[in-house]
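> Structure in structure tokens, see below.
Since every read-out is calculated from the coordinates, none of them should be taken as a lab result. The structure displayed is predicted, hence computed values, not measured ones. Every residue, glycine as well, gets a Cβ built from its backbone with ideal geometry; the counts of neighbours run over all protein chains shown.
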Amino acid sequence: MRDRVPVVVQGGGRRGRRAGLAGVLWAGAELIVTVGVVVLLLVVHQVWWTNRQAAAAAQEQVQALERAWGEGSESGSGAAGAGDGTGDGGVPVVGSEASGPADSGAAPAATRAARPAPPAAGPSERERAYAVLRVPRLGLVVPVAQGVDKGTVLDKGYAGQYPGTAGPGAQGNFALAGHRNTHGEPFRYINRLRAGDELIVDMRGRRFTYVVGKVLSETTERDTGVIAPVPRSVVKPDQGYSEPGAYITLTTCTPEYSSKYRLVVWGTLLRSS
């Protein structure tokens, strides 16, 4: 019997190693694509879907307020301040609950209301919208609620009134915070406001029209002076006012998609009706 000569196939191990490497690369590529899709979906949800949800809910709240005010007027119970948690003349009395910059997305409150605060309200009362802010230049219509908590106020697409600041139309500073990006982003374009633009605040049976006077394009999150009764930056002392008056302040984060600094718009009361 003849001896068989073994046949050696060259390169088999090399092809196997290449196939294994290709499989690893393919699996890695699939993982990267999957992660990318998940991240994209999260971004779409955060930037687009939360905006739609919050903006739609905020507009429903505006409509609900306007219906309630109309019904109150028709029934003879629409006098300013009647049963709506406000003080005399329809100006809300705001308590002094604390809220830090991490919660509000803007500088913390450093002042107290000019009027004595009533007993502390329950969460549902504090979170309820009580006014509507209109900014004709931006086409903005947004409900206003007391407090600057993210979960219960700002993330709903509302503008939130800093605790301890003056009510609409009152002497002092009616100071508001709002998101610039996501969750309805009501204050996204307030950087476009210019001196002379109107800021209108409607409440039950009342309208307060402010006019923009100054814009502070950037300050720190702890610049409490911007929401003081006489607003003046403590970081940039040349920015702000020096005389008592009836002011409005809008604050939001800057630059966009960042919470590093604060953008501030100030106005003064032009008329009330």
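> Please compute the length gained on full extension between THR34 and GLN63, using 0.36 nm multiplied by the number of residues separating them and subtracting their Cα-Cα distance.
6.3 nm
> Given R₀ = 22 Å, FRET efficiency for VAL211-ASP238 by Cβ-Cβ distance, to 0.05?
Taking R0 as 22 Å, the efficiency between VAL211 and ASP238 is 0.55.
> Highest mean first, what order results for 232-244, 20-32, 192-204 on Cβ atoms within 10 Å?
192-204, 232-244, 20-32
> Then there is this: Determine, for LYS156, LYS260, the number of other Cβ atoms within 10 Å of each Cβ, and report the residues in order from fewest to most.
Arranged by neighbour count, lowest to highest, LYS156, LYS260 become LYS260, LYS156.
> Place a label point 7 angstrom from the Cα of ALA195 along the Cα-to-Cβ direction, then list the residues of the stretch 209-226 whose backbone nitrogen is under 18 Å away.
In the stretch 209-226, the label zone of ALA195 (backbone N under 18 Å from the point 7 Å along Cα→Cβ) covers 210-218.
> Turning to a different aspect of this structure: Modelled label-to-label distance, LEU21 and TRP49, 7 Å Cα→beta-carbon offset: nm?
4.1 nm
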